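Working notes, beginning with the structure itself.
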Amino acid sequence: MTDIPTLPLAHDRIPVVGLGTYGLFKERGVEQVATAIRAGYRLLDTAQGYGNEAEVAAGMRESGVPREELLVTTKLPNDDHGYDETLASFDRSQAALGLDVVDLYLIHWPMPEVGRFVESWTAMIRLRDEGRIRAIGVSNFSPEQIDRLERETGELPALNQVELHVGLDQAALRRYHEDKGIVTESYSPLKHGSALAKDPVVARIAAAHGVGWNQVVLRWNLQLGTVVIPRSTDPGRQASNLAVTGFELTDDEMAAISALRL
Ligand SMILES: NC(=O)c1ccc[n+]([C@@H]2O[C@H](COP(=O)([O-])OP(=O)(O)OC[C@H]3O[C@@H](n4cnc5c(N)ncnc54)[C@H](OP(=O)(O)O)[C@@H]3O)[C@@H](O)[C@H]2O)c1
């Protein structure tokens, strides 16, 4: 592993910074994933719904970094909820990735209108127990939906991947996760790279530490105790997003960033 810190995840550890891969496609996508891994990324976030599981896997192979040093996440699509449907869908993801074992498999959305996420969860427990998945989790789930998984199957997710960034700190959900021992993973941690880049409070704190606005907002996320998966197609921005462990925000700086309403 690199020197990126990790958090406990089920019986394993998860790096606190990973690469979001939505939109990384075709030969360029393979190269972008391989470049990110060579720069130090060890956690990769894809989904069947992104249509790039094969590219992510090819990037992993092309990077030259041993498979066992990498942790890949993929996700069950919304159209595949149900017990048998989940087993078949996982077969497709596993074939696209070309991997014997998927490190982390998530239900992408709870789809309450479909009402079958517990069936999917039961299938995922089976796949995990068969050794085809190392850890299972969810994405975009509420505490009530997670409670239902626990009540009906006795199994909590190892992780919940949710939208979390400056202006959306998910405080109540994070407290719930902490009580239950669930890892909080932040998607869109840069808020799509827009308004935060121009915010004067973020700019002042960035200047004080001699870092970029992106590094300040990712650091804020990490100090809340979350895992972040920023996406970038650019090698320089990928490297900058990874270099967020060499400085620390003060309590006052954390509070000033948390107070921003963008
Ligand atoms: N579970 C879910 O439902 C869900 C939903 C959304 C996203 N996700 C996951 O979370 C990942 C990240 O979320 P996201 O892609 O929505 O948003 P994000 O990571 O917050 O922002 C990505 C945008 O920021 C730009 N960017 C990245 N680094 C930058 C930097 N250092 N300076 C300036 N701009 C920068 C990128 O452009 P460039 O490429 O040009 O650098 C891209 O346009 C996704 O790729 C996906 O894996 C999951």
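Readers should treat all values here as calculations from the given coordinates under stated rules, not as data from a laboratory. The structure displayed is predicted, hence computed values, not measured ones. So basically every Cβ, Gly included, is an ideal-geometry build from the backbone, and we count neighbours across all protein chains shown.
Being in contact with a strand residue (DSSP E or B) (Cβ under 7 Å, 6 or more places away or on another chain) and either more than 12 Å from the ligand (Cβ to nearest atom) or small (Gly, Ala, Ser) (or both) narrows it down to one residue among Ala34, Ala47, Ala58; which is it?
Values: Ala34 fails: in contact with a strand residue (DSSP E or B) (Cβ under 7 Å, 6 or more places away or on another chain); Ala58 fails: in contact with a strand residue (DSSP E or B) (Cβ under 7 Å, 6 or more places away or on another chain).
The conditions single out Ala47.
So, in region 134-172, exactly how many residues are under 23 Å from Asp103 (Cβ atoms) and within 16 Å of the chain's Cα centre (by Cα)?
16
Restricting to region 233-262, and then to whatever is of a type outside the set (A, V, I, L, M) and free of Cβ contacts under 8 Å to residues at least 12 places away in the same chain, can you tell me which residue is nearest to the ligand (Cβ to nearest atom)?
Residue satisfying both the conditions and the ranking: Asp234.
Given the condition among the β-branched types (Val, Ile, Thr) and touching a His at 6+ places or on another chain (Cβ under 9 Å), answer yes or no: does some residue in region 76-94 qualify?
No, because not a single residue in region 76-94 is among the β-branched types (Val, Ile, Thr) and touching a His at 6+ places or on another chain (Cβ under 9 Å).
Looking only at region 55-94, filter to residues that are farther than 20 Å from Arg38 by Cβ and among the basic types (Lys, Arg); which one of those is surrounded by the fewest Cβ atoms within 10 Å (Cβ to Cβ)?
Arg92
So Gly29 fits all but one of (1) within 15 Å of the ligand (Cβ to nearest atom); (2) under 18 Å from Leu159 (Cβ atoms); (3) touching an Asp or Glu at 6+ places or on another chain (Cβ under 7 Å); (4) outside any strand (DSSP E or B); what number is the exception?
Status for Gly29: all satisfied but (2).
Being among the polar types (S, T, N, Q) and away from the ligand (no atom under 15 Å from the Cβ) is the filter here, so list the residues in region 61-82 that pass it.
Listed by number, the list holds a single entry, Ser63.
Could you grab me the full set of residues in region 141-179 that are touching a residue at least 40 places away in the same chain (Cβ under 8 Å) and assigned to a strand (DSSP E or B)?
Leu159, Gln161, His165
Please determine whether any residue of region 103-126 is of a type in the set (Asp, Glu), assigned to a strand (DSSP E or B), touching a residue at least 60 places away in the same chain (Cβ under 8 Å) and more than 24 Å from Phe247 (Cβ to Cβ).
yes
Being in contact (Cβ under 8 Å) with a residue 24 or more places away in the chain, surrounded by fewer than 18 Cβ atoms within 10 Å (Cβ to Cβ) and not polar (S, T, N, Q) narrows it down to one residue among Val201, Val138; which is it?
The match here is Val201.
Exactly one condition in (1) over 21 Å from Thr73 (Cα atoms); (2) without any contact (Cβ under 8 Å) to a residue 60 or more places away in the chain; (3) within 11 Å of the ligand (Cβ to nearest atom) is not met by Pro189; state its number.
Here Pro189 clears every test but (1).
So if I check each of Leu164, Leu149, Leu222, which one is closer than 19 Å to Ile14 by Cα and touching a Phe, Trp or Tyr at 6+ places or on another chain (Cβ under 9 Å)?
Leu164
Can you tell me which residues in region 68-84 are polar (S, T, N, Q) and part of a helix (DSSP H, G or I)?
Result: Asn78, single match.
Given the conditions (1) surrounded by fewer than 22 Cβ atoms within 10 Å (Cβ to Cβ); (2) closer than 18 Å to Gln238 by Cα; (3) under 14 Å from the mean Cα position of the chain (by Cα); (4) more than 11 Å from the ligand (Cβ to nearest atom), report the number of the one that Tyr22 does not fulfil.
The single condition Tyr22 does not satisfy is (4).
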